[in-house]
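As structure tokens, the structure follows; a few thoughts come after it.
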Amino acid sequence: MIVCRSLFRADRVLKLTNSCSALKPVVHVQGYGTCDILNYKFKMTDRKDKHHQGERSKKLKHINLAWRPVNTQATSYQECSSEDGKIKSEDEVIMSNSSSSISDSNTRNAAEVTEAVAEITDSILSSSGMDDIGDGRVSKGKSVISTEKHSISVEVGASLFRFIEGKGGSTRKQIEEEMGVSIIIPSSKKEDSLIIEGFSIESVTQASARIQTIIDQAVKSPSLNYSHFISLPLAIHPDLVDKLIMFQNSILECDDPCLEKNAASGSNVDDNQKLDKGPDVAVELKVDTDKEHVQVNITNVPVVSYAPKVSSTLSDMRIDKSIFIKPKTFHLTVLMLKLWNKERVAAAAKVLQSVSSKVMETLENRPVSIRLRGLDCMRGSLAKARVVYAPVEEIGSEDRLLRVCQVIIDAFVDAGLVLEKDAKNKLKLHATVMNTSHRKRVRWSSKREFDYFDARSIFKQFGSEEWGEYVIREAHLSQRFVFDNNGYYHCCASIPFPEKMQVD
């Protein structure tokens, strides 16, 4: 590319020399390495000077350009000099009838052309220490810059693309500018991989490492939700689902559910009746006709006290349908997971299936059943509850279910699929019935308050509820926010629990 551009410039300069009669180009360049350039060979026909009519005119008959490669290796003056000290070359300009002197104007033109050609030659030879331009690479010293693009596909996960993109694409632009690469993020949410393109392997590798750092920070951040969890389904029992539906309907269909009345203050109706018994006008008016003014006697105005307003609506208690657990998703949670790409989901499914035999062994090949009784509050007080659940009791008090859950947890921790803080949590089996984290919020609201609801009335009515006894039949790797046709969370993998006693 550099040679072509240089030749183009040389050709443009030479076109300006139509009026030149002679040119002796620079042929020998000292102090440079070997480089193929082009030599210009001129052949000019006879030129006759005309001195008549008081002026001298010049006429250039014809110019032929011959392009030949020349070797620019260092050459001593002794080798290329003749006895008279003039430089000789087979590529000298051959001129016929050159006995007449060159005019001053032609000499200036020739000098300009010679200087331009020398300038182009110097530019070619000195640009980037060029040695080889034939294979699409430019070599300078030991570094090699390739014009070919390198690319790499990075498994990220659709849920993490927003962290790499950054606000307004700022994070991605910063990486592209600093590393000199292009990052291609797919628009489809079903794609998990992005592509990094660059002109060097080093820049692509550095960009990949930078993206991995962003992923590690995002995974530990609460901004990334848990995507999967290990669950013990309870919604497979139809009678339990029916009880949950009745529980929700009894609260949501009544605008004033099981509220504790303040008998001492009475009702609003009684207060109104008491007020109706008093005089219609409790103010004595005296009219002075002479002064045309009304005088008011307030000594006989009775003092009325009103009972405090009792909170009697669901909105006052901050209760709505969205904070109830969907009956068809009722379950026990064993372990929460962040699986942000297909590779990690596949690894988690493999881990769960690998512990199937050990689960059976821990359960001693016998079914395990639980009892759900009453309600309890996990976070906050009853007046400001956040999570309400039904406590779990293992029938038989052998703790086989807890041991099985620990076997599953240990397998996922060993596989590196559990966050460090989650691995340290102590397991507490519970069946959640209400949770404020499920509440539907107004999207335009920027203020996020501490969320809670008043559960005192609910506990008064359902605090001793008998939910029943149920067999745990299987364990699932469940995907959050995605549901199967039966209404339960999408099952990525599952292992069975024994349902019947095995007789040897």
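Odds and ends about this structure:
Okay, residues lined up against (1) in contact with a strand residue (DSSP E or B) (Cβ under 7 Å, 6 or more places away or on another chain); (2) charged (D, E, K, R); (3) modelled with pLDDT under 95; (4) open to solvent by 30 Å² or more (accessible area, probe 1.4 Å):
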residue: Tyr452; (1), (2), (3), (4): yes, no, yes, yes
residue: Ile472; (1), (2), (3), (4): yes, no, no, no
residue: Val482; (1), (2), (3), (4): yes, no, no, yes
residue: Gly487; (1), (2), (3), (4): no, no, no, no
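- Complete set of residues in segment 176-203 that are without any contact (Cβ under 8 Å) to a residue 40 or more places away in the chain and under 27 Å from Tyr226 (Cα atoms): Ile183, Ile184, Ile185, Pro186, Ser187, Ser188, Lys189, Lys190, Glu191
- Scanning segment 204-257 for residues that are over 18 Å from the mean Cα position of the chain (by Cα) and part of a loop (DSSP other than H, G, I, E, B) yields Leu234, Ala235, Ile236, His237, Glu253, Cys254, Asp255, Asp256, Pro257.
- Selection count where residues are open to solvent by 90 Å² or more (accessible area, probe 1.4 Å) and either in contact with a His (Cβ under 7 Å, 6 or more places away or on another chain) or over 18 Å from Asn435 (Cα atoms) (or both), scope segment 454-470: 5
- Of the residues making up segment 183-203, those that are over 15 Å from the mean Cα position of the chain (by Cα) and either of a type outside the set (A, V, I, L, M) or modelled with pLDDT of 95 or more (or both) number 6.
- Residue match in segment 162-174 (condition: assigned to a strand (DSSP E or B), over 23 Å from Ala346 (Cα atoms) and open to solvent by less than 40 Å² (accessible area, probe 1.4 Å)): no
- One residue stands out in segment 375-408 among those that are in a helix (DSSP H, G or I) and open to solvent by less than 50 Å² (accessible area, probe 1.4 Å): the one that is nearest to Ile472 (Cα to Cα), namely Leu401.
- Only listed residue being assigned to a helix (DSSP H, G or I), touching a Cys at 6+ places or on another chain (Cβ under 6 Å) and either modelled with pLDDT under 95 or of a type in the set (A, V, I, L, M, F, W, C) (or both), chosen from Ala411, Ala349: Ala349
- Qualifying residue in segment 410-428 (condition: under 21 Å from Phe330 (Cβ atoms), of a type in the set (A, V, I, L, M, F, W, C) and surrounded by 15 or more Cβ atoms within 10 Å (Cβ to Cβ)): no
- Looking across segment 217-245, the residues that are of a type in the set (Gly, Ala, Ser) and open to solvent by less than 60 Å² (accessible area, probe 1.4 Å) come down to Ala218, Ser221, Ser227, Ser231, Ala235.
The values are calculated or read from the model by the stated rules, or taken from the named source; none is laboratory data. As the structure is a computational prediction, the values presented were derived from the model and not from experiment. Positions of Cβ are generated from backbone atoms using ideal geometry, with glycine treated the same way; all protein chains shown enter the neighbour counts. Just the protein is used for accessible areas: all its heavy atoms, side chains included, with ligands, DNA and RNA removed. Shrake-Rupley method; radii C 1.70, N 1.55, O 1.52, S 1.80 Å.
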